[in-house]
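Undergrad: The following block contains the structure, expressed as structure tokens.
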Amino acid sequence: MIELTYEQALERTAEVSGKSIEELKMQHPPYSFRTQAACGWMETATTLSVKSYRPQLIVIVETCRHGSFGWVTQKQPFLQEFKAGSKKFDGTIKVDLDNTGYTYVVDGSFYDHGTVSHTGTTGLDAVFTATYAVSYASNWYGSLYTGLQYKRIIK
């Protein structure tokens with residue numbers, strides 16, 4: 001896990017997603033107020049297996065700390081996407097935030113090459129689902145269903 005500032009979260013998300021920093025600032029504006037808690041962004045990477053391929057699920061969430069007490073906020077993740085090189089993901093990534101981390105479910109397929117588009121992230125009550133679609137793919141590589149998994153961020 002890597003702690004990130006707002007600017008670093010923007011840069012990292014732009015790098016992984018291919019979106020512009022301006023577009024990301026509109027989707028995730030900086031917060032105009034601060035509490036006594038120190039808040040920032042945390043990047044997590046989870047390596048998963050699809051046949052012999054090892055894509056990384058990257059999730060960037062906001063965390064806060066006040067003294068020795070820390071928590072994950074219930075705000076939409078800055079990013080929930082695969083870092084998968086030439087393979088392209090078509091499917092959904094569901095992230096359910098809680099105070100110490102998140103559960104996730106990935107359901108979809110990977111394709112060789114092609115163009116991937118993020119068709120949106122929807123959320124309700126700290127559960128966020130990102131949907132991706134692949135076009136112009138050269139061929140299907142393999143499918144992935146993780147089942148319900150938990151990633152602890154705050155210890």
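Undergrad: Picking from Gly101, Gly108, Gly123, which residue would you name as being modelled with pLDDT under 90, crowded, with 17+ Cβ neighbours inside 10 Å and over 16 Å from Val16 (Cα atoms)?
TA: Only one candidate qualifies: Gly123.
Undergrad: While we're here: Tally time: how many residues in the range 32-49 are assigned to a loop (DSSP other than H, G, I, E, B), surrounded by 12 or more Cβ atoms within 10 Å (Cβ to Cβ) and modelled with pLDDT under 85?
TA: Total satisfying the criteria: 1.
Undergrad: A further question follows. Within the range 50-70, which residues are surrounded by fewer than 19 Cβ atoms within 10 Å (Cβ to Cβ), over 26 Å from Tyr145 (Cα atoms) and in contact (Cβ under 8 Å) with a residue 40 or more places away in the chain?
TA: Gly70
Undergrad: Continuing with this model, one more query. Taking only the range 136-155 into account, find how many residues are open to solvent by less than 50 Å² (accessible area, probe 1.4 Å) and more than 13 Å from the chain's Cα centre (by Cα).
TA: Matching residues across the range 136-155 total 8.
Undergrad: Can you name the condition, by its number, that Val116 falls short on among (1) modelled with pLDDT under 90; (2) surrounded by fewer than 18 Cβ atoms within 10 Å (Cβ to Cβ)?
TA: For Val116, the exception is condition (2).
Undergrad: Being of a type outside the set (D, E, K, R), touching a residue at least 60 places away in the same chain (Cβ under 8 Å) and more than 17 Å from Leu4 (Cβ to Cβ) is the requirement here; does Leu79 meet it?
TA: Here the answer is no, as Leu79 does not meet what is asked.
Undergrad: Here is a further query. Mind checking which pairs have a first residue in the range 5-29 that is open to solvent by 50 Å² or more (accessible area, probe 1.4 Å) and a second that is of a type in the set (S, T, N, Q) and not in a loop (DSSP other than H, G, I, E, B), Cβ under 9 Å, 6 or more apart or different chains?
TA: If the second residue must be of a type in the set (S, T, N, Q) and not in a loop (DSSP other than H, G, I, E, B), the pairs left are Ile21/Thr13; Gln27/Thr121.
Undergrad: Quick check on this structure: which one of His113, His118 is over 14 Å from Pro77 (Cβ atoms) and in contact (Cβ under 8 Å) with a residue 24 or more places away in the chain?
TA: His113
The values are calculated or read from the model by the stated rules, or taken from the named source; none is laboratory data. Computed from a prediction, not measured in an experiment: that's the story for all the values here. Neighbour counts are summed over all protein chains in view; Cβ atoms, including those assigned to glycine, are modelled from backbone coordinates with ideal geometry. Calculation scope for accessible area: heavy atoms of the full protein, side chains included, ligands and nucleic acids excluded. Shrake-Rupley method; radii C 1.70, N 1.55, O 1.52, S 1.80 Å.
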